[in-house]
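S.K.: I have a structure here, written as structure tokens, and I will follow up with some questions on it.
FYI, it's all coordinate maths here, none of it is from the lab. It should be emphasised that the depicted structure is a prediction, and the values quoted were computed from it without experimental measurement. Using ideal geometry, Cβ is built from the backbone for each residue, glycine included, and neighbour counts are taken over all protein chains shown.
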Amino acid sequence: MKSYVILDGKIYKNTRSRRGITVLFQRLFTNTDIPPFQFIGVGLGMTPVDENDGSLEYEISRQKATYNHTPGSSSVVLSTTFPKDGIEGLISEIGIFNKPMVGDMFARSLISPPKWKERDKSLPLAWKFSL
């Protein structure tokens, strides 16, 4: 599975966490009580991504994402928009989670250079997965 973050038309690589892969497989094949990965969080961490990451280094905010898949295609996009009048400041990391708070993180990406989110502007994010 390949995945990447799209922010302002720029593509950022990510690293899937070991725990995230385990939870994904459990959800797919054994335990449907596990919540789906449907939240995107942003933060201000700068530590290099690692497959053992379990959370963002310094999470600022998290939004529910919209799931978009064309039947028969081999890709899916999770997208959300951090609204105007919301958070303001630097964003240097993004992650995908299965709960609105805490939960399991599927993947994490660093944004370099960091992106400044102004209070009066929205920030759309998309995360694309393909098989």
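Table: residues versus (1) under 19 Å from S3 (Cβ atoms); (2) surrounded by fewer than 18 Cβ atoms within 10 Å (Cβ to Cβ); (3) among the β-branched types (V, I, T); (4) free of Cβ contacts under 8 Å to residues at least 24 places away in the same chain.
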site: V23; (1), (2), (3), (4): yes, no, yes, no
site: N52; (1), (2), (3), (4): yes, yes, no, no
site: R62; (1), (2), (3), (4): yes, no, no, no
site: S79; (1), (2), (3), (4): yes, yes, no, no
site: K84; (1), (2), (3), (4): no, yes, no, no
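S.K.: Check whether at least one residue in region 19-30 is more than 17 Å from I96 (Cα to Cα) and either among the β-branched types (V, I, T) or in contact with a Cys (Cβ under 7 Å, 6 or more places away or on another chain) (or both), and report yes or no.
M.R.: Yes.
S.K.: Report, by residue number, each residue of region 1-25 that is hydrophobic (A, V, I, L, M, F, W, C) and out of contact with any Lys or Arg (no Cβ under 7 Å at 6 or more places or on another chain).
M.R.: M1, V5, I11, I21, V23, L24, F25
S.K.: Additional query: Can you tell me which of (1) under 12 Å from K13 (Cα atoms); (2) in contact with a Gly (Cβ under 7 Å, 6 or more places away or on another chain) is the one K128 doesn't meet?
M.R.: Exception for K128: condition (2).
S.K.: While we're here: How many residues are touching a residue at least 12 places away in the same chain (Cβ under 8 Å), surrounded by fewer than 19 Cβ atoms within 10 Å (Cβ to Cβ) and either within 20 Å of S122 (Cβ to Cβ) or among the charged types (D, E, K, R) (or both) if we restrict to region 28-50?
M.R.: 3
S.K.: Right, here's the next one. Could you tell me whether S122 is loosely packed, with under 15 Cβ neighbours inside 10 Å, among the small types (G, A, S) and in contact (Cβ under 8 Å) with a residue 60 or more places away in the chain?
M.R.: It is false that S122 is loosely packed, with under 15 Cβ neighbours inside 10 Å, among the small types (G, A, S) and in contact (Cβ under 8 Å) with a residue 60 or more places away in the chain.
S.K.: Shifting gears a bit: Please go through region 86-119 and pick out each residue that is buried (at least 21 other Cβ atoms within 10 Å of the Cβ) and under 13 Å from Q63 (Cα atoms).
M.R.: Of everything in region 86-119, those that are buried (at least 21 other Cβ atoms within 10 Å of the Cβ) and under 13 Å from Q63 (Cα atoms) turn out to be I94, G95, I96, F97.
S.K.: Just to check your reading of the model, which residue among S61, S112, S79 is more than 12 Å from the chain's Cα centre (by Cα) and hydroxyl-bearing (S, T, Y)?
M.R.: After ruling out the rest, the residue left standing is S112.
S.K.: For S55, are the conditions met, namely being closer than 28 Å to D85 by Cα and polar (S, T, N, Q)?
M.R.: yes
S.K.: Exactly one condition in (1) touching an Asp or Glu at 6+ places or on another chain (Cβ under 9 Å); (2) of a type in the set (K, R); (3) crowded, with 17+ Cβ neighbours inside 10 Å is not met by R19; state its number.
M.R.: (3)
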